[in-house]
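What follows is one structure encoded as structure tokens, with my remarks underneath.
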Amino acid sequence: MGEIEREERPVPVVDAARCNGCGLCVEACPTGALAMRGETAAVARPDACQYHGYCERICPTQAITRPFMIIFQPRSIE
Ligand code: SF4
């Protein structure tokens, strides 16, 4: 199976209602994928996201989460 196309890959999701604007996730992201947009964190550079999860772990309000995708591959019958 080939690599999943970039546009099909998920990126972290920020729940604006939970975000307190502390900026910890932006500081923790090693690839600079996150940025503050006003008082809320946002995935400003989705192509830079490597899904490390530092943002999700450091967030004090559980405002940022990483969705995962389950892909079923047909099994070959031998
Ligand atoms: S760490 Fe959480 S609360 Fe702080 S800016 Fe990021 S998403 Fe918002």
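Residues in the range 35-78 that are β-branched (Val, Ile, Thr) and closer than 12 Å to Leu24 by Cα: Thr40, Ile58, Thr61, Ile64.
In the range 53-76, what residues are outside any helix (DSSP H, G or I) and within 16 Å of Val14 (Cβ to Cβ)? Correct list: Gly53, Cys59, Pro60, Thr61, Gln62, Ala63, Ile64, Thr65, Arg66, Pro67.
Considering only residues in the range 7-39 that are within 8 Å of the ligand (Cβ to nearest atom) and not in a loop (DSSP other than H, G, I, E, B), the one that is nearest to Ile71 (Cα to Cα) turns out to be Val14.
Quickly run through the range 40-78 and pick out the residues that are near the ligand (Cβ under 9 Å from one of its atoms) and of a type in the set (Ser, Thr, Tyr). Scanning the range 40-78 gives Thr40, Thr61. Assuming Pro60 fulfils every condition listed in (1) modelled with pLDDT of 95 or more; (2) out of contact with any helix residue (DSSP H, G or I) (no Cβ under 8 Å at 6 or more places or on another chain); (3) of a type outside the set (S, T, N, Q) apart from one, which condition is it? For Pro60, the failing item is (2).
The values are calculated or read from the model by the stated rules, or taken from the named source; none is laboratory data. Just so it is clear, the model here is predicted, and its values are computed rather than measured. When we count neighbours, we look across all protein chains shown, and the Cβ atoms used for this are built from the backbone with ideal geometry, even at glycine.
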